[in-house]
Every structure is written in C-alpha cells, then in structure tokens.
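Below is one structure; the comments refer to it alone.
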Amino acid sequence: MYHRNIEDIGKGSHYSKGWLGIKAPTAGEVAKIITKYPSSNCLWGNGDRKKTNFRQALWLGLDFDEGTTLEQGIENFRQYIHVIGTTKSHMLKKNGVAHHRFRVFLKFSELCVSKDDYEFTCKKWVSKYNADKACVDAARFFWPCKEIVSLNFIGKVVKILNADDEVQRKKEEYKKRTDKMKLMYPDKGIPAHIQNKLRFGTANRNIACYGIGSDLTKLGFSFEEIVSLVENSAIISNGFPINEALSAIKSGVEKVRHS
C-alpha cells in the first residue's frame with residue numbers, strides 16, 4: 001500500500017487512514033513506490049492501518065538501523081528476489097559514529113493472508129538477520145527510501161512459516177519435558193516456580209540456575225539430579241551454554257551445603 005500524503009512525511013499521526021492498495025508483483029514496481037511514497041508491504045482493509053485489518057502481503061520488509069553494513073545486507077540477500085534501498089538517515093552519525101541504514105524487501109513464495117503467519121515469519125527473519133524488531137508488526141509502514149542500491153528480479157523467495165505449527169511444536173516440547181521430569185523424579189515435588197523456568201526458560205538464566213541449585217538442594221535433590229533437570233530444560237534449549245549453567249548450579253548447591 002502507499003499513501004499520497006508526502007507533505008507530512010515524518011509525522012506518523014497523519015498516516016493512520018487513507019492508505020491505497022496497488023499491485024506490485026515485481027521488484028521494479030516495488031522500487032518505484034518505496035522511493036516516492038510512505039508505503040507498506042501489508043494490505044489493510046478500507047485503507048485503515050491496523051493489525052486487525054491485515055488482509056494480505058506479498059512482500060516481507062526489513063529495516064536495518066545499525067550493526068549491519070549495506071555491503072553485508074546486499075550480500076546476505078543477493079540470491080533472493082529483492083529491493084534494497086537506503087533511508088534518509090543512511091550514514092548519518094550517532095554518538096560520533098556513522099551507521100548504515102537501509103531497507104530490504106523480499107518476495108514471499110505466495111500471497112500471505114494470515115496476520116499470525118505474517119508476523120511469525122517476519123519475527124524469524126528479523127531475528128536471523130538482526131533487523132529492527134518493529135518490522136514484525138502487521139501494521140508497519142515505511143518512510144520513502146532515499147536511493148535504490150540493489151534490485152534482483154529473479155531468485156529465491158521467502159517461504160511463509162505457519163504460526164500454528166510453531167505453537168504445536170512448543171506444546172509437544174513442553175509435554176516431552178514434563179513427561180521426562182515425571183519419570184525421572186516421581187517422588188520428589190518440584191516447586192511451581194522452578195517448573196516454569198525449566199519448561200519455558202527465563203531471561204535471567206545465571207540467576208535462575210543458581211536459584212534452582214539452591215532450592216532443589218534444600219528439597220533433597222543431588223547435584224547430579226539438578227544438573228540433569230537443567231540439561232533437559234528450556235533454559236539450555238534456548239542457547240544457554242551448559243558450562244555457565246553448571247557453574248551457577250554449583251554455586252547454588254554449595255551455598256546451601258556450607259550454610
């Protein structure tokens with residue numbers, strides 16, 4: 001979609017309504033739109049920019065503000081059908097350092113008609129390439145690009161990921177962990193707050209492992225049993241190094257044993 005109001009660019013409050021749909025199946029057509037108008041790769045019902053009005057999307061949009069150079073971006077996506085354009089703040093300095101700022105549009109393998117699938121797919125690509133997290137929003141729009149620096153009309157396309165499949169996968173993983181814990185320790189109760197950390201993970205993983213080591217030691221669990229629980233938990237499956245987990249658990253266990 002695009003918005004014909006180019007007088008108020010930069011003032012987000014002027015762009016909640018009045019969006020117009022336009023067909024842009026090729027990289028060339030996308031390039032023309034994103035350099036002239038405020039635009040979005042999402043189509044909203046009645047031109048009203050709301051997530052609940054999401055109808056479809058044929059392109060995925062990624063924004064890069066810092067951390068990835070323009071050259072790296074072009075290399076990352078060179079095999080895909082794409083449009084890459086710099087933004088007006090490209091190479092402007094922030095705290096004395098000039099940052100590469102650019103935008104990437106990638107074509108979906110098919111028309112995406114599910115808001116949840118769209119946002120889930122965007123989230124995966126944003127995470128993979130360290131793009132701006134705001135890009136996952138199905139109500140996201142972009143200010144015009146300053147210059148198109150790369151176009152590819154033929155190449156790979158982005159597969160749409162099924163959000164429901166991911167929910168089911170997490171449910172199955174949760175059940176496996178729960179069943180394994182029940183088989184391993186049928187006679188020992190694990191407090192609910194620890195069960196939640198083991199099943200779902202936690203942001204403060206060092207502190208969590210320390211607390212788990214301490215609390216479960218008080219309940220009669222051995223060091224080996226505690227380590228086994230954490231090794232098979234979501235804390236480790238989310239990428240937390242096992243050696244850091246072991247060190248934190250050991251500190252928690254020793255705190256109890258020497259108190």
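Using the rule -39500 (n - 2.57) for each DSSP H run of four or more residues, divided by the residues of the chain, the 222 nm mean residue ellipticity is -12500 deg cm²/dmol.
Given a 1.4 Å probe and the protein chains as shown, SER89 ends up with an accessible area of around 40 Å².
Rank these by accessible area, largest first, 1.4 Å probe: ILE207, ILE34.
Heavy-atom accessible area, descending, gives ILE207, ILE34.
Normalised per residue, the accessible area of the chain is 55 Å², obtained with a 1.4 Å probe and no contribution from ligands, DNA or RNA. Put LYS159, LYS197 in order of accessible area, highest first, and with a 1.4 Å probe you get LYS159, LYS197. Here's the picture: charge each Lys and Arg Cβ at +1 and each Asp and Glu Cβ at -1 in the chain, and of SER237, ALA248, PHE120 the one pushed furthest to the positive end of that dipole is PHE120. Please sort by residue number the trypsin sites (Lys or Arg not before Pro) in the stretch 66-102 whose DSSP state is loop and whose Cβ has at most 15 other Cβ atoms within 10 Å. Those that pass, being in a loop and sparsely packed, are ARG78, LYS88.
Relative to its Kirkwood radius, the Cα radius of gyration of the stretch 36-125 gives an Rg/Rh of 1.02. Applying the Karplus relation 6.51 cos²θ - 1.76 cosθ + 1.60 with θ = phi - 60° to the stretch 82-89 yields 3J(HN,Hα) values of 7, 10, 10, x, 7, 9, 5, 9 Hz, where x marks Gly and Pro.
Across the alpha-carbon atoms of the chain, the computed radius of gyration and Dmax are 24.0, 71 angstrom. Sequence-ordered 3J(HN,Hα) estimates for the stretch 96-112 from the Karplus curve with 6.51, -1.76 and 1.60 and θ = phi - 60° stand at x, 10, 7, 10, 6, 10, 8, 10, 10, 10, 10, 8, 6, 5, 7, 5, 8 Hz, glycine and proline given as x. What residues of the stretch 30-60 lie in the reach of a label at PHE153, counting those whose backbone N is under 17 Å from a point 7 Å from the Cα along Cα→Cβ? Of the residues in the stretch 30-60, 30-33 have backbone N under 17 Å from the label point off PHE153. Measuring r between the beta carbons of LEU111 and GLU172 and using R0 = 30 Å, the FRET efficiency lands at 0.55. Kindly state, to the nearest 0.05, the FRET efficiency for GLN56 paired with ASN204, given R0 = 35 Å and r defined as their beta-carbon distance. Computed FRET efficiency for GLN56 and ASN204: 0.30.
Averaging over all projection directions, the Cα-based convex hull of the stretch 83-181 occupies 9.5 nm² in the image plane. Taking all protein chains as shown and a probe of 1.4 angstrom, ASP65 keeps an accessible surface of around 70 Å².
The values are calculated or read from the model by the stated rules, or taken from the named source; none is laboratory data. Model, not experiment: these values are computed from the prediction. As a convention, Cβ positions derive from the backbone with ideal geometry for all residues, glycine included, and neighbour counts pool all protein chains shown. For the accessible areas, the whole protein counts, side chains as well, though only heavy atoms, and no ligand, DNA or RNA atoms are used. Shrake-Rupley method; radii C 1.70, N 1.55, O 1.52, S 1.80 Å.
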